[in-house]
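Presented below is the structure to which this report refers.
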Amino acid sequence: MQEQILPLADEAVIIGYFVAIVAFGVFFSRYARSTSDYFFGGRRFSWWLIAFSCIATVVGSYSFIKYSEAGFTYGLASSQTYTNDWQWMPVWMLAWLPIIYYSRVKSIPEYFERRFGPVARHLATAIILIYLVSYIGINLYTLGKAVTALLGWPVMTSVVVTAIVAGIYVTAGGQTSVVMTDLFQALLLLTAGFLILILGVCAFGGLGDFWSALPERYRFGLAEFNRPSSGVNFVNVYWQDAFGSSMAFWFMNQGLIMRFLCVRSAKEGRKAVILVLLVLMPLAAIAVGNAGLLARAMHEAGGEMGAAVDTYMTGPDGKIDNSYAFTAAARTLIHLPGVFGFVMAALTAALMSTVDTLINAVAAISVYDVYQKFLPDKSDAHYLWVARIISVIAVLIGIILVPVFSSFKTIYDAHAGFTAAITPPMIVAIVMGAMWKKFSKQACVAVLGLGSVAMIISIFFPEVIAPFSHGVEQAGEGLKGFKYMRACYGVVVCTGIGIIMTLLFPYRGAPQSGLVIGSEKEFKRLFKGAEPNDRPTKPVYLTVKLNDALTAANEIAVPESAKARLNADPQDMLHISDRRWWLGGLRSCPARLSAVTAEGDNVWVSQGILEAGHLEENQKVVIERIM
Amino acid sequence: MDTALITPYLYQYGMGAFIMAASLFAARAAGALDLRERETKKTFVILIAGMLLYAVVHGLLQFVFPFVGE
């Protein structure tokens with residue numbers, strides 16, 4: 001591997017990116033005035049903004065490195081991990097989203113306490129914090145690895161620099177900063193991924209020539225069923241990713257849950273997830289993995305490009321190191337000044353847009369599920385201050401964990417190993433808790449407690465996983481033995497524990513409406529505190545006027561004509577928003593319809609609405625009825 | 001057809017169809033999937049269409065595109 005001396009133009013682009021992202025993030029700190037703003041952004045954002053920020057969270061810096069490495073080694077089958085989430089969408093859209101959105105829980109552990117009691121909450125808190133902090137560590141490690149390959153910096157230097165930048169804007173601005181910077185970063189990383197693809201295809205002379213240069217065994221969408229035993233084979237990826245990573249991401253990742261609590265309605269949450277899974281995830285799969293396929297095609301084609309790729313992929317030991325596939329493709333294809341810096345910035349964006357979410361999530365759980373339990377009577381400003389301190393601590397712990405992940409053979413292995421080992425008890429408890437009314441606290445505690453014990457046993461005695469291995473052979477000891485199929489073992493064992501315990505100790509208490517799957521109308525009724533209004537409705541456009549007659553802080557009054565168009569009754573839940581759609585709801589907030597009737601083409605609002613929605617008097621706004 | 005190609009595909013979409021069907025039946029039994037409601041019906045159609053879309057795209061990637069250009 002050759003060390004890169006970065007041209008001035010590339011350095012300028014990278015420095016410019018760092019400055020812009022910090023300024024952008026800190027700018028939005030003005031929108032974080034309370035812990036609610038800091039963690040949830042005030043339930044105001046539009047679906048498309050949440051969708052883009054989700055994809056920025058999905059794509060970590062490890063994604064570019066990991067999937068390019070897998071693309072080079074195994075071919076197109078490496079995209080399997082981005083295309084196997086859909087099977088969980090009925091549970092997510094019809095059960096989990098309504099539960100977390102309408103029950104107003106602030107964290108997943110809080111859901112566990114309300115559904116199963118305090119012991120379940122403590123266990124859930126411990127497991128989720130381990131998951132989130134480890135996730136921060138692996139993202140920092142992979143970015144360090146990439147920067148080392150590209151710039152020759154020491155791993156820990158690049159880790160510390162990017163951790164400080166992400167830490168600054170998350171600590172300052174919280175969830176609003178995360179959402180807004182993630183939009184920018186999602187566009188940046190998708191653009192960079194497709195830029196490499198276009199440059200690569202052009203270098204081959206067209207898509208057909210590129211495809212022809214790729215040997216046939218690298219062209220399949222799914223890998224071989226259970227070969228090779230170690231690494232990417234179909235059944236390894238299916239269980240580790242579709243069950244371990246994907247379920248953990250959608251169901252137990254507090255960062256993602258908080259993202260969907262920011263959205264203005266559950267309906268918009270569903271629209272966001274559909275955009276993510278049907279459009280943005282496939283695009284992201286192409287963006288993060290194509291460099292590996294290009295590197296493979298160039299390597300096989302030989303010639304000048306093949307020689308360049310081989311040179312850039314040669315490690316210190318003189319052998320080809322597949323983990324350099326992304327950086328080798330980038331260095332071979334990019335020659336224009338500044339463009340290489342742009343790709344580096346995108347790689348950094350991928351890291352920060354994932355880590356920022358995780359930092360914010362760790363802070364939320366630490367404040368709501370740990371700190372407030374010991375010191376419940378402090379002011380909101382105090383908790384906000386503590387959240388910022390915890391954000392810094394989370395970054396520091398992530399940095400400390402970097403050497404742990406660097407001990408794995410590949411980045412893909414490191415990521416797979418930790419998700420398969422940590423996630424099964426939590427995801428089984430969440431899905432059974434959400435879908436099965438009889439699933440009791442005894443069953444939940446057993447799944448979390450005994451399930452975790454079963455996972456620990458499988459680390460010391462990996463041979464217990466053999467009956468679940470689908471013919472995959474054990475290829476290591478300890479955590480590295482059956483590191484992918486540990487997810488299958490964990491899911492089956494935890495599900496078994498859950499079923500047996502529920503049959504022995506079924507839930508017999510009062511109906512837990514709002515905490516288990518049920519009709520959306522019932523969820524809405526609980527959320528609103530009155531019968532939901534589902535009649536047809538249309539938005540209205542009015543001018544904001546401050547009116548002191550409105551006593552409740554969240555009330556607004558509209559004229560009769562607007563009431564008729566909205567088809568709304570007093571106390572219906574509305575959303576008042578700046579008319580500029582492209583702000584994505586940044587200047588907006590939820591409101592309730594007052595019994596008072598406004599005059600003219602005006603909407604009367606209280607001072608509270610002006611502050612919560614960051615609106616101004618005489619501003620044109622759009623008002624929609626939510627329920 | 002080559003079993004090495006079709007086995008992963010059948011496993012993925014067999015398991016996927018089973019998980020989706022079980023989830024949808026459970027949702028219907030719990031009242032979360034009331035197809036008389038317009039919004040819920042739309043969600044149901046999107047869920048099924050999304051699964052079919054992924055199955056078709058994976059089918060092309062597994063059985064058609066690898067052999068293009070030979």
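The values are calculated or read from the model by the stated rules, or taken from the named source; none is laboratory data. Only a predicted model underlies this, so the values are computations on that prediction, with no experimental measurement involved. Because the Cβ atoms are built from the backbone with ideal geometry, glycine has one as well, and the counts that use them run over all protein chains shown. Keep in mind that these areas ignore ligands, DNA and RNA; they rest on the heavy atoms of the full protein, side chains included. Shrake-Rupley method; radii C 1.70, N 1.55, O 1.52, S 1.80 Å.
Considering each residue of region A:259-289, count those that are closer than 20 Å to A:Ile334 by Cα and away from chain B (no Cβ under 14 Å), and give that number.
Taking region A:259-289 and keeping what is closer than 20 Å to A:Ile334 by Cα, we get A:286-289.
Of the ones still in play, those that are also away from chain B (no Cβ under 14 Å) are A:287-288.
Summing the residues that are closer than 20 Å to A:Ile334 by Cα and away from chain B (no Cβ under 14 Å) in region A:259-289 gives 2.
Do you know which of the residues in region A:101-117 that are part of a helix (DSSP H, G or I), buried (at least 24 other Cβ atoms within 10 Å of the Cβ) and not aromatic (Phe, Trp, Tyr) is farthest from the other protein chains (Cβ to nearest Cβ)? I'd like the intermediate steps shown before the answer.
First, pick out the residues of region A:101-117 that are part of a helix (DSSP H, G or I): A:101-102, A:108-116.
Among the residues that remain, those that are also buried (at least 24 other Cβ atoms within 10 Å of the Cβ) are: A:108-109, A:112, A:115-116.
This time we only want the ones that are not aromatic (Phe, Trp, Tyr), so: A:108-109, A:115.
Values: A:Ile108: 20, A:Pro109: 24, A:Arg115: 15 Å.
Filtering region A:101-117 for residues that are part of a helix (DSSP H, G or I), buried (at least 24 other Cβ atoms within 10 Å of the Cβ) and not aromatic (Phe, Trp, Tyr), the one farthest from the other protein chains (Cβ to nearest Cβ) comes out as A:Pro109.
If you check B:Leu33, B:Leu24, B:Leu5, B:Leu61, which single one turns out to be open to solvent by less than 40 Å² (accessible area, probe 1.4 Å) and at pLDDT 95 or above?
Working: B:Leu33 fails: at pLDDT 95 or above; B:Leu5 fails: at pLDDT 95 or above; B:Leu61 fails: at pLDDT 95 or above.
So the residue among B:Leu33, B:Leu24, B:Leu5, B:Leu61 that is open to solvent by less than 40 Å² (accessible area, probe 1.4 Å) and at pLDDT 95 or above is B:Leu24.
Hey, A:Lys438 hits all of (1) away from every other protein chain (no Cβ under 14 Å); (2) in contact with a Pro (Cβ under 6 Å, 6 or more places away or on another chain) but one; which does it fall short on?
Against the list (1) away from every other protein chain (no Cβ under 14 Å); (2) in contact with a Pro (Cβ under 6 Å, 6 or more places away or on another chain), A:Lys438 comes up short only on (1).
Which residue, of A:Gly292, A:Gly315, is open to solvent by less than 30 Å² (accessible area, probe 1.4 Å) and either more than 22 Å from A:Arg219 (Cβ to Cβ) or at pLDDT below 90 (or both)? Before you say what the answer is, go through the steps one by one.
On the way: A:Gly292 fails: either more than 22 Å from A:Arg219 (Cβ to Cβ) or at pLDDT below 90 (or both).
It is A:Gly315.
Can you give me the number of residues within region A:67-83 that are within 9 Å of chain B (Cβ to nearest Cβ), buried (at least 24 other Cβ atoms within 10 Å of the Cβ) and over 12 Å from A:Asn290 (Cα atoms)?
1
Starting from residues that are hydrophobic (A, V, I, L, M, F, W, C) and within 9 Å of another protein chain (Cβ to nearest Cβ), keep the ones in region A:201-251 and report whichever is nearest to A:Ser469 (Cα to Cα).
Let us first name the residues in region A:201-251 that are hydrophobic (A, V, I, L, M, F, W, C), namely A:201-204, A:207, A:210-211, A:213-214, A:220, A:222-223, A:225, A:232, A:234-235, A:237, A:239, A:242-243, A:247-251.
Retained after the next criterion (residues that are within 9 Å of another protein chain (Cβ to nearest Cβ)): A:211, A:220, A:222-223, A:225, A:234-235, A:242.
Numbers: A:Trp211: 34, A:Phe220: 23, A:Leu222: 18, A:Ala223: 16, A:Phe225: 12, A:Phe234: 12, A:Val235: 9, A:Ala242: 16 Å.
The residue in question is A:Val235.
For region B:18-45, which positions are within 11 Å of the chain's Cα centre (by Cα) and either under 20 Å from A:Ser265 (Cβ atoms) or at the interface with chain A (Cβ under 7 Å from one of its Cβ atoms) (or both)?
B:Ile19, B:Met20 - these are the residues of region B:18-45 that are within 11 Å of the chain's Cα centre (by Cα) and either under 20 Å from A:Ser265 (Cβ atoms) or at the interface with chain A (Cβ under 7 Å from one of its Cβ atoms) (or both).
Taking A:Trp88 and the conditions (1) open to solvent by less than 10 Å² (accessible area, probe 1.4 Å); (2) assigned to a helix (DSSP H, G or I); (3) farther than 21 Å from A:Leu351 by Cβ; (4) within 14 Å of chain B (Cβ to nearest Cβ), which numbered condition does it fall short on, given that it satisfies the others?
So A:Trp88 meets the others, but not (1).
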